[in-house]
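Right, one structure below, let's go through it.
Taken together, the values in this text are just the output of simple stated rules run on the coordinates, not laboratory data. Keep in mind the model is a prediction, meaning the values are calculated, not measured. Don't worry about glycine lacking a Cβ; one is built from the backbone with ideal geometry, like all the others, and counts go over all protein chains shown.
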Amino acid sequence: MASLLRSSARLASTRLRPSVAALSTQTRFVSTSPIDPSIGLTDEQKELQSLARAFADKEFAPNMQKWDEEQHFPADVLRKGAELGFGGLFVREDVGGSALGRLDTSVIIEALATGDVSTTAYITLHK
């Protein structure tokens with residue numbers, strides 16, 4: 001019985017070696033440096049990203065858990081965000097929405113979502 005287990009283990013290890021080797025070859029190409037989320041953005045888009053992230057860090061992130069626990073709707077914070085231009089991102093310009101393109105809008109949404117995803121979803125849809 002012991003010899004059967006040894007031969008099975010030996011067989012299994014020889015079969016696993018190629019996949020382990022392939023795996024280690026694949027991981028060689030993974031970058032270990034952090035990705036800069038601003039690569040490829042215009043200066044204006046970087047400014048929008050920075051403003052949205054700062055707003056999310058200050059207004060959303062510290063309050064998110066409290067809002068969830070108390071089932072609080074942060075209308076005052078949403079108004080502040082709308083005043084900064086984050087409200088109505090998907091609303092047409094002729095009815096009071098933003099005139100931003102899809103990439104600009106995506107940059108803002110991604111930055112706001114670092115603070116609170118559900119509040120971000122609401123603020124971007126409503127003015």
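Numbers at a glance
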{"read-out": "Helices (runs of 4 or more DSSP H) wholly inside the stretch 48-127 containing at least 2 residues that are in contact with a Phe, Trp or Tyr (Cβ under 7 Å, 6 or more places away or on another chain) and surrounded by 12 or more Cβ atoms within 10 Å (Cβ to Cβ)", "value": "75-83, 102-113, 117-125"}
{"read-out": "Cβ-Cβ under 7 Å pairs, at least 6 apart or on other chains, the stretch 41-52 side at negative phi, far side crowded, with 16+ Cβ neighbours inside 10 Å and among the charged types (D, E, K, R)", "value": "45/104; 48/104"}
